[in-house]
Amino acid sequence: DAKTTQPTSMDCAEGRAANLPCNHSTISGNEYVYWYRQIHSQGPQYIIHGLKNNETNEMASLIITEDRKSSTLILPHATLRDTAVYYCIAKTGANNLFFGTGTRLTVIP
Amino acid sequence: DTAVSQTPKYLVTQMGNDKSIKCEQNLGHDTMYWYKQDSKKFLKIMFSYNNKELIINETVPNRFSPKSPDKAHLNLHINSLELGDSAVYFCASSQEGTGRDIQYFGAGTRLSVL
């Protein structure tokens, strides 16, 4: 599985878009990019995933660069409940997910 | 209905005891997992079961043994508990597919070994 690199922490004003970057420069052609988040004291929660096309669901959008070496998770209108640790994972399937240190997003009122 | 449920939510016990944590999923998934999250918040996979077969064991001590009576349940039994076993344990499940599988997690069991 490709290594991913994320900033340790970010702040975002409530109501604004939160853009969380992830680098995965060694990603292989069949590896998907998954995003999960963990709100304090809860189990991780799946957000979105993609292979090469941009993806959008009710929670977020995922923008993957054309060379697939990086991606950005976008929470379009961050709320206080979006404060969490966000994990970017690159792999071929869901089994054996490797959770790194992630990005701690703090949404500020 | 909770998709992935774990019991108990909290478990406090003495060193040397044997304990079990239960996990049930009602999603019809064929693969279940156990993760450990330590005090530094690192989340690491311990086991997964697919159709009653162990398919991952990430160098976990053999004091830990997963038991799956059926594909909806994956229980974690721990023998001779040690202080270092104190952590939050998460159960998860997924449906094997075409590389786009998603894992669904339980709320966690906070184990404290005294």
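The residue that is surrounded by the most Cβ atoms within 10 Å (Cβ to Cβ), among those in the stretch B:1-47 that are over 15 Å from the mean Cα position of the chain (by Cα) and part of a strand (DSSP E or B), is B:Thr13. Screening B:Ser94 against (1) farther than 16 Å from A:Gly43 by Cβ; (2) surrounded by 14 or more Cβ atoms within 10 Å (Cβ to Cβ) leaves a single unmet condition, (1). B:Asn57 satisfies every condition listed in (1) within 10 Å of chain A (Cβ to nearest Cβ); (2) touching a strand residue (DSSP E or B) at 6+ places or on another chain (Cβ under 8 Å) except (1).
To keep it simple, each residue is scored yes or no on (1) more than 8 Å from chain B (Cβ to nearest Cβ); (2) at pLDDT 95 or above.
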site: A:Asn30; (1), (2): no, no
site: A:Ser41; (1), (2): no, no
site: A:Thr56; (1), (2): yes, yes
site: A:Ile63; (1), (2): yes, yes
site: A:Leu80; (1), (2): yes, yes
site: A:Gly100; (1), (2): yes, no
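Taken over the stretch A:87-98, the criterion of being within 13 Å of chain B (Cβ to nearest Cβ) and of a type outside the set (Val, Ile, Thr) is satisfied by A:Tyr87, A:Ala90, A:Lys91, A:Gly93, A:Ala94, A:Asn95, A:Asn96, A:Leu97, A:Phe98.
Where residues in the stretch B:12-38 are more than 13 Å from chain A (Cβ to nearest Cβ) and hydroxyl-bearing (Ser, Thr, Tyr), which of them is nearest to B:Val113 (Cα to Cα)? Break it down stepwise before answering.
In the first step, residues of the stretch B:12-38 are kept if they are more than 13 Å from chain A (Cβ to nearest Cβ); the result is B:12-22, B:24, B:26, B:28.
From what's left, hydroxyl-bearing (Ser, Thr, Tyr): B:13, B:20.
Working: B:Thr13: 5, B:Ser20: 13 Å.
Across the stretch B:12-38, the extreme among qualifying residues is B:Thr13.
Of all residues in the stretch A:79-89, those satisfying the criterion of being surrounded by fewer than 21 Cβ atoms within 10 Å (Cβ to Cβ) and in contact (Cβ under 8 Å) with a residue 60 or more places away in the chain are A:Thr79, A:Leu80, A:Asp82.
The values are calculated or read from the model by the stated rules, or taken from the named source; none is laboratory data. For clarity, every value in this text was computed on a predicted model and none was experimentally measured. Backbone-built Cβ (ideal geometry, glycine too); neighbour counts: all protein chains shown.
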